[in-house]
Amino acid sequence: METTIKFYQTDTFTVGNRLLSEAERSVQAGMQRTNALNSGHRACQGCGEALGARFAVDAAMRAAGNDLIACNATGCLEVFSTPYPESSWQLPWIHSLFGNTAAVATGVAAAQRVKGTKTRVLAQGGDGGTTDIGFGCLSGMFERNDDVLYICYDNEAYMNTGVQRSSATPPAARTATTVPVGQHPNGNVFGKGKSVPLIAMAHEIPYVATASVADLRDLEAKVTKAMSIHGARYIHIHVPCPLGWGADPAHTIKLARLAIESGLFPVFEAEHGEITGHRAIREQVPVEDYLKLQKRFAHLFRNPKQVEVIAQLQAIADRNIRRFKLLEKRGAAV
Amino acid sequence: MRPVLDIIRRQSTFDEVVGGLDESNALFEARRCLSCGNCFECDNCYGVCPDSAVIKLGAGKRFAFNYDYCKGCGLCAEECPCGAIVVELEEK
């Protein structure tokens, strides 16, 4: 039948898509996926980090031909996946300290170079182990351009030790150390914290990207691209934490999606310090839609509603949209 | 697209006025179906389960759930585009 009408959607959010050819399908849709972080780990219900880690490491495993070593910082990911003497990891995996993951990965990469093996090296950590405690080692790894892919799973606080503020915690969020008190409860203060992807770009390393568990295809494409490059690479993955954010475990993906669509979490990629692409917002939503679903922002909606604080958060989202051109059609790179 | 009976025929007989779809038309129209309540194997549940407790059985065989590892977060039901998954509380 000759027709130009297309009811088929190929640019889709679904994990699998039978309309795409086998080669175009996502790693996660395949029955042969590695399940690098296997069933039986001790993460909470609906853990975004467990999900993000499986997405990223499975994609990296495919790209590396299952020849991969992972180094892990202390944090939720390490604690829930490897309570001694158990392990959920289906690949060689090492944990040393909270702050030295990047340095350990550097050593593992150096050992591969000396031995002449082609095994690729992955380092991973949470936002605490990356943006705060492990930052010195990370910056050193970037500066030396060691052949390591560093993945940061950003759940915006120290969730493992009981939800303390990190330098990746967003303004106004409630944590154990930024408790909203008084007549105008604010939570975490505005104007503090840092963006490690932008700092990584300042090192002019070959590849820097941000990704989210809400857009699996984008995440897999970025990990695959990062694995095709040698040198220091950095991927920052936004992973909602139902426990720390006070959200419904079923809303993990929805929250990650709203963070992208509101502009609060810009998804972009950069090569050698220059932004080369971004994931456009499909349908812009007000930040309130994102905040309302989380108890860590509940103090903004109690009487009286903190309209000014919400407006400040909206201003941050709007600035991201301007800065990374998020409303313009998807950049060429991804 | 569908055959329609001439006006003379309509006046003189009780035959169906608007005919049904032929096979190729029916297949084409079926593409609009949103598959409400029926799994069409988009793999969302398989992909979004943080505990890998959803088992893919292969093309046409849909999925099985490994309740030994399921923590009941409900992500699979939330992300199912056709509402084919329901999370129910276990009876004690």
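The values are calculated or read from the model by the stated rules, or taken from the named source; none is laboratory data. What you are looking at is a predicted structure, and each value in this text was computed from that prediction instead of being measured. Cβ placement follows ideal geometry from the backbone for every residue including glycine, while neighbour counts extend to all protein chains displayed.
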From B:Val48, B:Val86, which residue is within 11 Å of chain A (Cβ to nearest Cβ) and either within 30 Å of A:Thr34 (Cα to Cα) or small (Gly, Ala, Ser) (or both)?
B:Val48
Pick from A:Ala247, A:Ala214: which is surrounded by fewer than 24 Cβ atoms within 10 Å (Cβ to Cβ), in a loop (DSSP other than H, G, I, E, B) and of a type in the set (Gly, Ala, Ser)?
A:Ala247
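Residue by residue, here is whether (1) at pLDDT below 95; (2) closer than 23 Å to A:Val213 by Cα; (3) touching an Asp or Glu at 6+ places or on another chain (Cβ under 8 Å) holds:
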residue: A:Asn100; (1), (2), (3): yes, no, no
residue: A:Val114; (1), (2), (3): no, no, no
residue: A:Ser166; (1), (2), (3): yes, yes, yes
residue: A:Ala173; (1), (2), (3): yes, yes, yes
residue: A:Val181; (1), (2), (3): yes, no, no
Among (1) over 16 Å from the mean Cα position of the chain (by Cα); (2) in a loop (DSSP other than H, G, I, E, B), A:Phe265 falls short only on (1)
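May I ask you to say which residue of A:Ile199, A:Ile235 is more than 14 Å from chain B (Cβ to nearest Cβ), within 22 Å of A:Gly99 (Cα to Cα), crowded, with 24+ Cβ neighbours inside 10 Å and in contact (Cβ under 8 Å) with a residue 12 or more places away in the chain?
A:Ile235
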Surrounded by 16 or more Cβ atoms within 10 Å (Cβ to Cβ), touching a Lys or Arg at 6+ places or on another chain (Cβ under 7 Å) and among the charged types (D, E, K, R), is that true of A:Arg174?
yes
Residue that is nearest to A:Ala173 (Cα to Cα) [pool: residues in segment A:129-156 that are under 13 Å from the mean Cα position of the chain (by Cα) and part of a loop (DSSP other than H, G, I, E, B)]:
A:Glu156
Can you tell which of A:Arg62, A:Arg18 is within 14 Å of chain B (Cβ to nearest Cβ) and of a type in the set (D, E, K, R)?
A:Arg18
For segment B:1-46, enumerate the residues that are loosely packed, with under 13 Cβ neighbours inside 10 Å, in a helix (DSSP H, G or I) and touching a residue at least 24 places away in the same chain (Cβ under 8 Å).
none
Would you call B:Cys73 touching a Gly at 6+ places or on another chain (Cβ under 8 Å), without any contact (Cβ under 8 Å) to a residue 24 or more places away in the chain and surrounded by 14 or more Cβ atoms within 10 Å (Cβ to Cβ)?
yes
Write out, first by first residue and then by second, each pair whose Cβ atoms fall under 9 Å of each other, whose residues are 6+ apart or on separate chains, and whose first residue, in segment A:104-130, is at positive phi while the second is modelled with pLDDT of 95 or more and surrounded by 17 or more Cβ atoms within 10 Å (Cβ to Cβ).
none
Count of residues meeting criterion [out of contact with any helix residue (DSSP H, G or I) (no Cβ under 6 Å at 6 or more places or on another chain) and in a helix (DSSP H, G or I)] in segment A:103-128
13
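Can you name the residue in segment A:21-39 that is surrounded by fewer than 22 Cβ atoms within 10 Å (Cβ to Cβ) and among the aliphatic types (A, V, I, L, M) and, of all such residues, is farthest from the other protein chains (Cβ to nearest Cβ)?
A:Ala23
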Got a number for residues in segment A:218-250 being over 18 Å from the mean Cα position of the chain (by Cα) and of a type in the set (Ser, Thr, Tyr)?
1
Read through the list (1) at pLDDT 90 or above; (2) more than 10 Å from chain B (Cβ to nearest Cβ), then give the number of the only condition that A:Asp11 fails.
(1)
